[in-house]
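The values are calculated or read from the model by the stated rules, or taken from the named source; none is laboratory data. Everything numeric here is computed off the predicted structure, so don't read it as measured data. As a convention, Cβ positions derive from the backbone with ideal geometry for all residues, glycine included, and neighbour counts pool all protein chains shown. Protein only, heavy atoms only, side chains kept; ligands, DNA and RNA dropped before computing areas. Shrake-Rupley method; radii C 1.70, N 1.55, O 1.52, S 1.80 Å.
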Amino acid sequence: MDQPAISDYGFLSDCRSGALVGRDGSIDWWCPDRFDAPSVFARLLDPDAGHWRLAPVGAGVPGHRVERSYLPDTLVLRTVHHTPEGSVAVTDALAAEIGARGHELGMNSPAVLLRRVEGLTGRVRMALDVAPRPDHGLLRPYLHHQPDGAVLFAAGAVLLELRAEGVPLRAGRDRVEAEFEVAAGDDVSFAVAYGRTYGDRPVRLDPATGLAETVQAWQAYRETHRYDGRYADVVRRSAVVLTGLTYTRSGAVAAAPTTSLPERTGGDRNYDYRYSWLRDFSMTLRAFWVAACPSEASRLFSWAARSIGRVGDDPVPVLFGLEGERDVSEHESPHLRGYAGSRPVRVGNDAWRQRQLDVPGEVVSAVWRLHDYLGDTLDEELREMVVGLAEQVAGTWHLPDRGMWETRDAERHYLSSKVLCWVALDRAVRLAPQLGGRGDPRRWAAIRDEIRAAVLREGWNDQVGAFTGAFGSPELDASALFLPIVRFLPASDPRMRATIAVVERELGTEGGLVRRWNTDPAGFLLCSFWLVECLVMAGERERAEALFERLAGYANDVGLFSEQIDLRTGAQLGNTPQALSHIGLINAAWRLTDPTTE
């Protein structure tokens, strides 16, 4: 089997889980219970790990052409197949709850995949192949015909029910296959609904009604959100993607809906991103506010505060499960061959065990943003959390850690971690009047200034002529671009101007991308958008605009970004769609709209 490119996939979401559908009409990834649950379709990671293909017979032969687009302001995907015999449109969606509107989207999603085939011209013969493989491909289901013609797939804890309108279903040993003809004006629909063997049964949802309701739910949701800045079209698309990555029941944002898509094809840097990272917290909060989504920002914050709980001596984990689970221990799945042979395939992420000194800075900065945006007095839990995090930073900032990129080798004194320790105490000092007399802002301010002095002394490398990735290291790191964004130093400072220039020269590429470090094999989209922000803040608006537009061009045909871009081919790499890439775009667009924004 030829492995589809990562950019070939479109993203479906019901704000509970996500699915990926390829240009070839195959749904190759779906974890129906929630984003970080076991999959039932995982052909993305192994040809035998489950899929649902719906496409013209012989698709991919000469004369077959595909056009795709999302219905406006939705994650409902319409794919038009043009064949020598005629044209058909396939509309795919993860169903919203009937009647869900506004911020109800995703609260009670029924876990139903909907697919509708419409004949446009001529007569096209279609092929259906539904082959679920629950539990990340470990299980092959039993099939049971239902009296009304539906087929039930049963394996382990999973029940899936396939229903069709107008097409008889033929059950094989562990899959359903069918061929049918669609003429101009014909309309055929399918639904696969998820249920539990020992819990709720699959929801029976009329496909036509479900699709119409899902479109209305998404469009009604977006009508309540306005963005008046520059590059409105791409910002709105990225805002829809961020909404689609939000697990509505808790407010957490998944970093991506996938696991183990490689940073380098054939490599082993393949990680599970189906969790929510606190390190991304302030950036995510800012992106939600920029895209005029205050409700999401507030709910995300509530999730974080509850997930952290009372702050003690133990480091706050960098990531949590979508309902606040702390232990998301990692294991490998050796039965899966990996995307394009990229192994191992990992489930879980052991970065939760790492010491990450930057996490409190992201969280306290987010509290500051929330207070700045809303002007509300902090409640008791938030006061206690800010004080606890500030005290933790005051006592641990001098320790080494794993750094922003979660290295799995030795701990170091990473520049970005020290700067975010400074951020934590700086924002805590600013919040002191809201803390009800708690904490010790005078001591915090003294330690904050000590951290700043250490960063300026130890983080700057005279030989390189720039701030480098770790104290005493000559190695450049694009995380230095974060300094002006968090207001540690203005972009106009001579040291910062020099750093921006060196990073752009040594880590930048002809295509406008920025690598994280010298040996990084791919361009990292978030860092590239950071460079846009830095150029704006340094007064180089025209260069920033040109770079932004080049970076926006790395999206796939339906506006989705993965994490990284192959420098040789321009292909997307890493888990997709990647929240941080879309967050970077939103924040860079707003910086171009309002350079003074904090």
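Structure notes:
- Ratio of Rg to Rh over the chain (Cα coordinates, Kirkwood Rh, two decimals): 0.99
- In degrees, nearest ten, helix 380-396 long axis to first principal axis of the chain (Cα): 60 degrees
- Region 179-220-region 319-392 distance, computed between alpha-carbon centres (Å): 35 Å
- Accessible surface comparison of Tyr414, Tyr142, probe 1.4 Å, protein chains only, largest first: the order is Tyr142, Tyr414.
- Look at the Cα gyration tensor of region 8-134: its axes a ≥ b ≥ c give a/c of at least 1.5 with a/b at or below b/c, and that counts as oblate.
- With coordinates expressed along the principal axes, the C-alpha atoms belonging to region 104-144 extend over 40, 35, 20 Å, beginning with the largest.
- Remark: region 334-349, residue by residue, has Karplus-estimated 3J(HN,Hα) of x, 6, 9, 7, x, 4, 6, x, 7, 10, x, 8, 10, 10, x, 8 Hz, where x stands for each Gly or Pro and the curve is 6.51 cos²θ - 1.76 cosθ + 1.60 at θ = phi - 60°.
- Cut-off under 5 Å, modelled amide H: who pairs with Gly403 long-range: Leu357
- Relative to the dominant Cα principal axis of the chain, helix 232-244 is inclined by about 80°.
- Cα gyration tensor, region 274-341 - rounded (a/c under 1.5), prolate or oblate: oblate
- Remark: the Cα gyration tensor places region 46-89 in the oblate category, a/c being 1.5 or greater and a/b not exceeding b/c.
- Angle of helix 525-537 to the longest C-alpha principal axis of the chain, folded into 0 to 90 degrees and rounded to 10: 50°.
- Projected area averaged over orientations for region 290-440, convex hull of C-alpha atoms, nm²: 10.9 nm²
- The Rg/Rh ratio for region 542-598, using Cα coordinates for both the radius of gyration and the Kirkwood hydrodynamic radius, is 1.00.
- Counted over all Cα-Cα pairs of region 361-412, pairs farther apart than 14 Å make up 64 percent.
- From the C-alpha gyration tensor of region 459-598, square roots of 5λ in Å: 23, 18, 12
- Per-residue HN-Hα couplings for region 512-519 [Karplus 6.51, -1.76, 1.60; θ = phi - 60°; Hz; x = Gly/Pro]: x, 7, 10, 7, 6, 8, 4, 9
- Volume in Å³ per residue [convex hull over Cα atoms, computed for region 141-271]: 235 Å³
- Ordering of 461-467, 71-77 by packing [mean C-beta count within 10 Å, highest first]: 71-77, 461-467
- Cβ-placed point charges (K, R +1; D, E -1), dipole of the chain about Cα centre in debye, nearest 20: 280 debye
- For Glu181, distant residues with modelled amide H under 5 Å away: Met126
- Neighbourhood charge, 13 Å Cβ-Cβ cut-off, centred on Phe35 and excluding it, Lys, Arg +1 and Asp, Glu -1: -2
- For region 386-446, averaging the sequence separation of C-alpha pairs within contact (under 8 Å, six or more residues apart) and dividing by the residue count gives a relative contact order of 34 percent.
- Protection proxy ranking of 189-201, 49-61 - average other beta-carbon atoms within 10 Å, highest first: 49-61, 189-201
- Residue-wise HN-Hα coupling along region 179-187, computed from phi with Karplus coefficients 6.51, -1.76, 1.60 (Hz; x: Gly, Pro): 10, 8, 10, 10, 9, 3, x, 6, 9
- Contact order normalised by residue count of the chain, Cα under 8 Å, 6+ apart, percent: 12 percent
- Structural descriptor for region 134-279: relative contact order 12 percent, calculated from alpha carbon pairs under 8 angstrom and at least 6 residues apart.
- Rg followed by Dmax, in Å, when region 232-324 is reduced to its Cα trace: 14.4, 45
- Highest to lowest packing among 34-40, 405-411, scored as the average C-beta count within 10 Å: 34-40, 405-411
- Note on the chain: helix-only mean residue ellipticity at 222 nm, from DSSP H runs of 4+ residues weighted -39500 (n - 2.57) and normalised by residue number, equals -10000 deg cm²/dmol.
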